[in-house]
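What follows is one structure encoded as structure tokens, with my remarks underneath.
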Amino acid sequence: MSLLIEPTLRSEMLADRVAIVTGGSRGIGGATATVLAANGARVVIADVDEAKAADTAAQLNTAFGACTAEVFIGDLVAPGVCDDLVAHTLDSCGGLDIVVNNAGYAWDGGVHALTDDQFQAMLDIHLVVPFRLARACAPVLRAAAHADGGAPRHRKTVMVSSMAGEWGLAGAANYAAAKAGLLGLMRSLAQEWGTMRVNVNAVAFGVIQTRFALPQSDREVIHTGGRDINVGMPAKQAQRLGITIDPDKPPCDAEIYAPKPLPGIVLGRTGTIREAADAILWLCSPLSDYITGQTIAVNGGARGGMS
């Protein structure tokens, strides 16, 4: 059973750490779960796709040991589910050290055409869910900090944002606003939790090779919040970015697509899910213990804005 990606680094630097990765079954989330496990962490994969999450967990357990990964299935936008996730993690793993807020999707449209439902949906998954998960984690992290005694350790929270949250994104004001709000939440948590040795940071991704960076297809649908959402960018936006679907691959293989080089990016190409996950790994590791309240741009040197 092959892994979603081949980890760049394998070590024990996260040994005895327990990590939650929301949206951890595939794409950036699946790659993040993989690199955390490859470096010693025990991983709880939280997702709405039971079959895909189980498959990813099985891959990790085969590669890194039988108790490396487990699955929590639930729609995080539903009231109480974030609390259930934290309770499940404590019951199953006995602690919590790392939280990666990765779950999300896009539901794009011009401001003139956006519905209240579309706008609220983006706030719910990209901002309300990370807030609820942070609230559920707060007493756990506080108790852990007090219990550390003479061997204090840093715990980590990583918010997956976007350069859209810093620059805006034409045709996706709802997504950009939610991701911008997430950065404000991150900075506030960093200030509140610093004395507990909890580092809170964000990654702001550019265009990464996932199914969300492909033109929309009615064959790929997310079921969340009582809605069915077509995955991907509106066709016109994808065309502006030079992204096309490979007709020889079905949409479910989107993680390995190779979009055309992008002239607005210094490195001249889009990013891979392994490159995205490696940035998250660094923020979850002891290598970043003196970094908090920061947004790390992972965009290949993209300049200006997105339109």
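Under a Cβ-Cβ cut-off of 12 Å, what is the net charge of the residues other than Asn101 that fall near it, where Lys and Arg count +1 and Asp and Glu count -1?
Overall, the nearby charge balance is +3.
Close amide-amide hydrogen proximity is noted between Gly271 and Val207, Ile208, Gln209, each under 5 Å apart and 5 or more residues distant or on a separate chain (H modeled in the peptide plane; Pro and chain starts excluded). Peptides 94-101, 265-272, 177-184, 29-36 ordered by packing proxy, namely the average of other Cβ atoms within 10 Å per residue, highest first: 29-36, 94-101, 177-184, 265-272.
Would you tally the net charge around Gly194, using a Cβ to Cβ cut-off of less than 12 Å, leaving Gly194 out, and scoring K and R as +1, D and E as -1? Please report the intermediate quantities before stating the final value.
On the way: positive: Arg155, Arg187, Arg197; negative: Glu192, Asp289.
Local net charge: +1.
Gyration tensor over the Cα atoms of region 26-83: the corresponding equivalent ellipsoid has semi-axes (square roots of 5 times the eigenvalues, largest first) of 20, 11, 10 Å. For region 18-25, putting each phi into the Karplus relation 6.51 cos²θ - 1.76 cosθ + 1.60 with θ = phi - 60° gives couplings of 10, 10, 9, 10, 7, x, x, 8 Hz, in residue order, rounded to whole numbers and with x for Gly and Pro.
The numbers here are math on the coordinates, done by the rules we state, and not lab data. Bear in mind that the values here come from a model prediction, so they are computed numbers and not experimental data. Glycine also receives a Cβ, built like all others from the backbone with ideal geometry; neighbour counts cover every protein chain displayed.
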